[in-house]
Every structure is written in C-alpha cells, then in structure tokens.
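To keep things clear, I will list the structure first and then write my remarks on it.
Values in this text are rule-based calculations from the coordinates and carry no lab data. Being a predicted model, the structure only gives us computed values, none of them experimental. Don't worry about glycine lacking a Cβ; one is built from the backbone with ideal geometry, like all the others, and counts go over all protein chains shown.
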Amino acid sequence: MKRRVLLTGGSRGIGKAIYDELIDTYDVVIPKREELDLCDISSIDRYFEDGKSFDILINNAGINIIKDIDSILDEDIQKINNINLVAPLKLTKYCVKGMKANKFGKIVNISSIWGVRSKEKRTLYSGTKFGIIGQTKALARELGEYNILINAVCPGFTATELTMQSLSESEMEAVFGQIPLKRMAEPKEIANCIKFLVGDDNTYITGQTLVVDGGFTA
Ligand SMILES: NC(=O)c1ccc[n+]([C@@H]2O[C@H](COP(=O)([O-])OP(=O)(O)OC[C@H]3O[C@@H](n4cnc5c(N)ncnc54)[C@H](OP(=O)(O)O)[C@@H]3O)[C@@H](O)[C@H]2O)c1
C-alpha cells in the first residue's frame, strides 16, 4: 500500500512542485481551502474529526506579511502566526498519534532563509519561520524513539507567486547579485530535497535544518 501524505499549500508554488514529485510514489492528500483553512484553527479540529491518519506530513502552506513594526496590526499577527506556526503544530499533533502507533513517520516543515537570518520588515515572517525550526528541533528529540523523523527545509528565493509579490523588479536584480548561483530556485529544486527527506532513503536525518538557497546564506 502507498504511504499517505498530508501536504498543505499544494495548489501552487513550491507545494504544487512537491505534489508533482511525490504523486507517483505516494497517496498525496491536498485539502481544499473549504475543508481546511489554516487561518481558522478550529477547522483543523473539524478536519480530523473522522480520525484521518497520515504516514507523512508536509507543512508547506505559508504567507508573508512585510511591514515595519509601526504598521503591524493585531490581525496581521494573528493571521501569520495561525497559518505559519500554530496550524503546523496542530496538524503535527493530530498526525503524530497514528505515526506513534505505527512506529513510523516523516514530517517536513517548510521554513525559509528568513528563518535562519532576517532583514528589515520581516518581523512577522521571521518570527514564524525561526519558530517552526524550534518546533522541529524539539519534536525531533521527543519523537525519535517512535521512529518519527522531522526536519525543516529553508528555501531561498524561489520563483513562485509569493516571491513575485514580496520583491520589486529592482529588488530582484539586487538579490541575484547576492546569490552565488546568480538565480532563483525553481520550485522543483526545493521539492527534490523534500522528496529525499520523506523518502525511504532517509533513515537517520532528523532535527535538521536544510537550507536550499543557492549559497545565499553561506
Ligand atoms: N517562494 C519563496 O521564495 C519562498 C522562500 C522561502 C520560503 N518559502 C515558504 O515556502 C512555502 C510555500 O511558499 P510558496 O512560495 O510556494 O507560496 P505561494 O505560491 O504563495 O502558495 C501558498 C500556498 O499556501 C496556501 N495557503 C495560504 N493561506 C492558506 C490558508 N489560510 N489555509 C490553507 N492554505 C493556505 C495557498 O493556498 P491557496 O491556493 O488556496 O491560496 C497556496 O497553496 C511557504 O511556507 C513559504 O513561506 C517560500
């Protein structure tokens, strides 16, 4: 039987590339927004009401809100924290139940280069992306005895809608100058790393942060 994967944010961008990489090997579930809205934490409880279980969880969905500290609204704080930090934790909590019973599980949390370093106006985003690395490390320690491996992947600048919204054309040109490989990542290049981490060849990597950024943070 194929292993069951829960993938969030699989509709586009990096998530769509992950879906395309995994679909031949796994039974990949991508909930529609009406089934699972990660901004509304109670919808996660409703989603698992029927006792769904998964072998692999990929917490990919995420948003970015770029604002200086004076402009940040309470609703921004709630929205980004819910989607990027609280929802992955709640999904992990539900998925881990079955994984523990099966003594098998793989979890990948998508963080960001802004989860290992930061820049101005990234207070909200970095708060969540550093946070999810903390969750990853703590859970790797707690869940290792159940053969549940959990890692974080930090994409650098990747050619998706999120990036196009976040950077102006001139900013993008300036950014290329700072990337040793002189280009953005294609979503497939990020997806390949996730495929390895959740696959059968990964039997011993857990609690790690894999930065896939063309050398930007080197
Ligand atoms: N692109 C980059 O350069 C980059 C760099 C570093 C890290 N990342 C991280 O990589 C991940 C994917 O980024 P991306 O660039 O592929 O993003 P994207 O193209 O903007 O896609 C975001 C995905 O998240 C989903 N999503 C947003 N809000 C949601 C909600 N409330 N409930 C459920 N799903 C929701 C979207 O679903 P809908 O289609 O329904 O809106 C979409 O599938 C994110 O965690 C991001 O922070 C991206």
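Assorted remarks:
- Residues whose amide H comes within less than 5 Å of that of residue 211, counting only those at least five positions distant or on another chain, are 154 (H built at 1.01 Å from N in the peptide plane).
- Environment charge at residue 184 (Cβ cut-off 14 Å; Lys +1, Arg +1, Asp -1, Glu -1): -4
- Kirkwood analysis of the chain, using all unique Cα-Cα pairs, places the hydrodynamic radius at 17.6 Å.
- Charge tally in the Cβ shell below 11 Å around residue 86, where Lys, Arg are +1 and Asp, Glu are -1, residue 86 excluded: +2
- Under-5 Å amide H pairs with residue 158, H placed in peptide plane, nonlocal only: 185
- The dipole here belongs to the chain: it is taken about the Cα centre, uses +1 on the Cβ of Lys and Arg and -1 on the Cβ of Asp and Glu, and is about 600 debye.
- Taking a Cβ cut-off of under 12 Å around residue 151, the surrounding Lys, Arg, Asp and Glu residues balance to a net charge of +2, with basic ones at +1 and acidic ones at -1.
- Hz values of 3J(HN,Hα) by residue in region 22-34 - Karplus curve (6.51, -1.76, 1.60), Gly and Pro given as x: 9, 5, 6, 9, 10, 8, 9, 9, 10, x, 6, 4, 5
- Neighbour counts of other Cβ atoms within 10 Å put 164, 184 in the fewest-to-most order 164, 184.
- Cα-Cα over 24 Å, subset of 32/100; 121/195; 52/188; 16/129: 32/100; 121/195; 52/188
- Rounded tilt (10° steps) of 87-102 against the dominant C-alpha axis of the chain: 30
- Take every Cα pair under 8 Å whose residues are at least 6 apart in sequence, average their separation, divide by the length of region 87-218, and the relative contact order is 31 percent.
- Between region 137-166 and region 187-208, the Cα center-to-center distance that results, in Å: 10
- The string of couplings for region 135-149 from the Karplus curve (6.51, -1.76, 1.60, θ = phi - 60°) is 4, 4, 5, 4, 5, 4, 5, 6, 9, x, 5, 9, 6, 9, 9 Hz, one whole number per residue in order, with x for Gly and Pro.
- Amide H to amide H distances under 5 Å link residue 149 with 105, 106, 107, where only residues 5 or more positions off or on other chains count and H is placed in the peptide plane.
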